[in-house]
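Structure record follows, encoded as C-alpha cells.
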2 protein chains.
Amino acid sequence: MKSLAVGIDLGGTNIKGGLVRRDGSVIVKKSVKTEVQKGTGPEPVVGRIAGLVADLIAEGGVDKSELVGVCVGSPGPLDSRRGIVYETPNLDWKDVPLSDMLAPLVDMPVFVENDANVAAFGEQWAGAAKDSVCTIMLTLGTGVGGGIVINGELWRGVNDVGAELGHMIIDYAGRLCGCGAHGCIEAYASASALARRMKEQVEAGSASSLRDAILAGEDVDAKRIYDAAVDGDRLSREMIEETGRLLGIAIVSYVNIFNPDCVVLHGGLVNAGDMLFEPLLAEVNERCFESSLRVLRVLPSALKGDAGIVGAAGLAFQRAEDIA
Amino acid sequence: MKSLAVGIDLGGTNIKGGLVRRDGSVIVKKSVKTEVQKGTGPEPVVGRIAGLVADLIAEGGVDKSELVGVCVGSPGPLDSRRGIVYETPNLDWKDVPLSDMLAPLVDMPVFVENDANVAAFGEQWAGAAKDSVCTIMLTLGTGVGGGIVINGELWRGVNDVGAELGHMIIDYAGRLCGCGAHGCIEAYASASALARRMKEQVEAGSASSLRDAILAGEDVDAKRIYDAAVDGDRLSREMIEETGRLLGIAIVSYVNIFNPDCVVLHGGLVNAGDMLFEPLLAEVNERCFESSLRVLRVLPSALKGDAGIVGAAGLAFQRAEDIA
C-alpha cells in the first residue's frame, strides 16, 4: 500500500502544498505565489502546481512510486467526479478540466475537491474531529464555507453544490446576502460581515477606538477588531460576541438537522477564542435538545492553516483507493 | 428471498398496519384503535400490535415464513438500534423495549424507527421520491417532522435525534417554539401554527368568514381554514400563502445544505395544493442557487396516509437484510 499523498490548497494568492503520510502527518510543506494573470488561461497556474508537486517529492527525499496521487482543493463550484472547476473568479477560471490537465504533468492520479469540503475532511481525518461519526465544519472568512462528513465520507450534494452551510437562513427578513437571498448566516458571521457590521455601528455614531480609522476609510478587518476588543474597546467586543451568538444560533439548526458529534470552526476569526466561543456555546446549550448535546463537541480547527493540504492529501488516499 | 414485510404505523389514536410486497405495493391494510389507558403500561398496546400483525397475515392469506419481519414506526425519541422507545407522551410510554416485547409475540424480527423517518424512507423507497439520491421530507402536522434519506439510507443522527428539520431556525428573534428556542420553522408552518396565526389575526381585528367561529372558541383547524379560503375568505388564503412562503424559505436552507434531488411534503396541509405550493416554489426559485435547482424537485407525498406502513415495511426489508 502506497504510503504518501500530496495535498494542494489552491487559493487566489498562494498555492500551498504538502507531502503527507497516511496518519495525516506532514513530511514537508511549501507554498508558491499563484500569480494569476488575467487572460492567460489556466496553464501557468496548473504548471506551478505541477512544479510544487515535483519540489515536494524532491525535498521530501521520497520516491514517486510511494505516492497514491495528488488532490487539489480548489474554490468552486466544481465537478469533483470529473475534476472540472466550473468557475473561480479569483483565478479567472471557467470550466477548467484541472484533473485532466494536471495528471499528465505529475504522472499520477489527480483528484479535485471543493476547498471547504477539503478542510472539513481534513479535520475529521486527522484534526479536531478525528474519528467522529458526523462532522459539520464552518469556515469563517470572506464568506462562511461549509463541509459535511458522515461516516468518513464527504456529503457533497447530488450535483456537488451541497454543504453551502453559510447560506442557511437565520433571519428570513434580514440582511441581504451576496447570494441574493436575505438573512443567510454568511451575511452576519463571516469575518467580512463582522467588519461590515462594525463599520455600520461606527457610521451610526457608536463610540469605538477604531472610529477614526473606520471613518478615514482604512481597511479595519476582523483581526484589528479583535485586537481593539482585547485592548478594551467595548464596541469591538460586542460585535465579536454578537458574531458568536449568531454562529451559535446557526449551529443549533445544524445540530437539530444532523445530530452531529462534532462541529468544527475554522478561519482566523476562531482566534478570538472565548470572546467568540462563550456566547456561541451559551446559545447552543440553551437552544439545543439535551439528547443532542450529550454527543456534541464544538471545537476550533486543530489543523488551522494546514487543513487544506492535510485534508486534500487524506482525500487523495481515500479516492485513490475508491478507484483502485 | 422472503417477499413480504409488515409495516406498522403506531399513533396515539390508531395503529395502522400493512402487509407489503418488495415493490412497495400493499396486499392488505388494516387499523385498530390504540386505546391508550394511562397507568396500564405498554403491554395492552403491544398486544394489539401483535394481534394486528396476525390479522394481516390471516387476511392476506400468506404464510408467515414469507415474511422478513415487522417494523414499527413510533413517535420518538427512541433508540432505533435497540428498539427502545424512550418517551411518547401520547402513549404514556417511558423507556419501552418495544422490539424485545413484540418479537416473541409475533415470532419474527422486529425493528423500530421514528415515525417521521419511516415516512421519509417510504417516499424514497416507493413514493414521490422513488430512486432519488437525496430526499428531504417534511411532515406538516401538529409539529413539523423531518426525514433525511441519502443513497437509500436514513440519516438518523449520531444518537438518533437528527432530522429534526422542524427545529431549523428561520427567524432567530421570532416566535417561541415548543422546543424552547425562538423562530423554528415548526412555530410558523405546522398545521397547528397555521391555526394559531389565523387566530392571532382574527383576535387582532382582521376580517374573516371564520371570525365568529374563532372568537367563539371553536376548534378552527387547517382544513377549515383551507375550506374558507376556497370559499373566498381572503384572510384564510393569505395565511395559507404565508405558510407556503415560510416553508419555501426553510426549503431554501435545506437545499443549500443538502443539495437534494427531492423535497417531499407530507401531511393534510399539503392538500391545499397550489395555494400552498405556488408561493413556496416562488421562494425556492428566487433564493436557491441555479445549479441546485437543476436537480431539485419539490413534491407532495405520493403515499399520503400509507407512508407510515409502506415506509416501515421497506425498512423491515432493509434492516432484515442488514442483520442477515
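Working only within segment B:275-298, note down all residues that are crowded, with 18+ Cβ neighbours inside 10 Å and not in a helix (DSSP H, G or I).
B:Cys288, B:Phe289, B:Val295, B:Leu296, B:Val298
Looking at A:Lys94, is it of a type in the set (Lys, Arg) and part of a strand (DSSP E or B)? Full working, then the answer.
Working: of a type in the set (Lys, Arg): yes; part of a strand (DSSP E or B): yes.
So A:Lys94 passes the test.
Any residue that is in contact with a Ser or Thr (Cβ under 8 Å, 6 or more places away or on another chain) and modelled with pLDDT of 95 or more - is there at least one of those in segment A:239-249?
Residues of segment A:239-249 in contact with a Ser or Thr (Cβ under 8 Å, 6 or more places away or on another chain): none.
Scanning segment A:239-249, I find no residue that is in contact with a Ser or Thr (Cβ under 8 Å, 6 or more places away or on another chain) and modelled with pLDDT of 95 or more, so the answer is no.
For segment A:176-201, give me each residue that is within 12 Å of chain B (Cβ to nearest Cβ) and surrounded by fewer than 21 Cβ atoms within 10 Å (Cβ to Cβ).
A:Leu176, A:Gly178, A:Cys179, A:Gly180, A:His182
Does A:Ile214 fit the bill of being touching a residue at least 60 places away in the same chain (Cβ under 8 Å) and either of a type outside the set (Asp, Glu) or in contact with a Lys or Arg (Cβ under 9 Å, 6 or more places away or on another chain) (or both)?
In short, no.
Can you name the residue in segment B:289-324 that is over 25 Å from the mean Cα position of the chain (by Cα) and hydrophobic (A, V, I, L, M, F, W, C) and is also farthest from A:Gly178 (Cα to Cα) among such residues?
In this case the residue turns out to be B:Ala324.
Being under 24 Å from A:Tyr188 (Cβ atoms), within 14 Å of chain B (Cβ to nearest Cβ) and of a type outside the set (D, E, K, R) is the requirement here; does A:Asn159 meet it? Don't jump to the end; show me each part of the working.
Values: under 24 Å from A:Tyr188 (Cβ atoms): no; within 14 Å of chain B (Cβ to nearest Cβ): yes; of a type outside the set (D, E, K, R): yes.
The answer is no for A:Asn159.
Which one of these is in a strand (DSSP E or B), within 19 Å of B:Ala120 (Cβ to Cβ), touching a residue at least 12 places away in the same chain (Cβ under 8 Å) and touching a Phe, Trp or Tyr at 6+ places or on another chain (Cβ under 8 Å): B:Val85, B:Val68, B:Val20?
Criteria check complete, one pass: B:Val85.
Would you mind telling me which numbered condition in (1) at positive phi; (2) within 19 Å of the chain's Cα centre (by Cα); (3) exposed (fewer than 15 other Cβ atoms within 10 Å of the Cβ) A:Asn90 fails?
(1)
Please tell me if A:Thr139 is touching a helix residue (DSSP H, G or I) at 6+ places or on another chain (Cβ under 8 Å), within 13 Å of another protein chain (Cβ to nearest Cβ), assigned to a strand (DSSP E or B) and closer than 23 Å to B:Gly162 by Cα.
no
For segment A:270-297, enumerate the residues that are under 28 Å from A:Thr142 (Cβ atoms) and within 14 Å of chain B (Cβ to nearest Cβ). I'd like the intermediate steps shown before the answer.
Going through segment A:270-297, the residues under 28 Å from A:Thr142 (Cβ atoms) turn out to be A:270-284, A:287, A:296-297.
Residues satisfying the conditions are A:Pro279, A:Leu280, A:Ala282, A:Glu283, A:Val284, A:Arg287, A:Leu296, A:Arg297.
List the number of the failed condition for A:Met108; all other conditions in (1) within 11 Å of chain B (Cβ to nearest Cβ); (2) at negative phi; (3) not in a strand (DSSP E or B) hold.
Evaluating A:Met108 over (1) within 11 Å of chain B (Cβ to nearest Cβ); (2) at negative phi; (3) not in a strand (DSSP E or B) leaves (1) as the failure.
Show me the helices (runs of 4 or more DSSP H) entirely contained within segment B:202-269 in which 1 or more residues are buried (at least 17 other Cβ atoms within 10 Å of the Cβ) and within 12 Å of another protein chain (Cβ to nearest Cβ).
B:234-258
Looking for something within 17 Å of the chain's Cα centre (by Cα), modelled with pLDDT under 95, more than 24 Å from B:Leu4 (Cα to Cα) and not assigned by TED's automatic domain parsing to the domain that holds B:Ile8 - is there at least one such residue anywhere in segment B:131-142?
yes
Which number in (1) surrounded by 23 or more Cβ atoms within 10 Å (Cβ to Cβ); (2) in contact (Cβ under 8 Å) with a residue 40 or more places away in the chain; (3) not assigned by TED's automatic domain parsing to the domain that holds A:Arg22 marks the one condition that A:Asn117 misses?
(3)
Which is charged (D, E, K, R) and within 21 Å of the chain's Cα centre (by Cα), of B:Arg197, B:Arg211, B:Arg245?
Checking each option against the conditions leaves just B:Arg245.
Looking at A:Met108, A:Met101, can you tell me which residue is surrounded by 14 or more Cβ atoms within 10 Å (Cβ to Cβ) and touching a Gly at 6+ places or on another chain (Cβ under 8 Å)?
Just one listed residue meets the conditions, A:Met108.
The values are calculated or read from the model by the stated rules, or taken from the named source; none is laboratory data. The structure presented is a predicted model; accordingly, all values stated were derived computationally and were not measured. Using ideal geometry, Cβ is built from the backbone for each residue, glycine included, and neighbour counts are taken over all protein chains shown.
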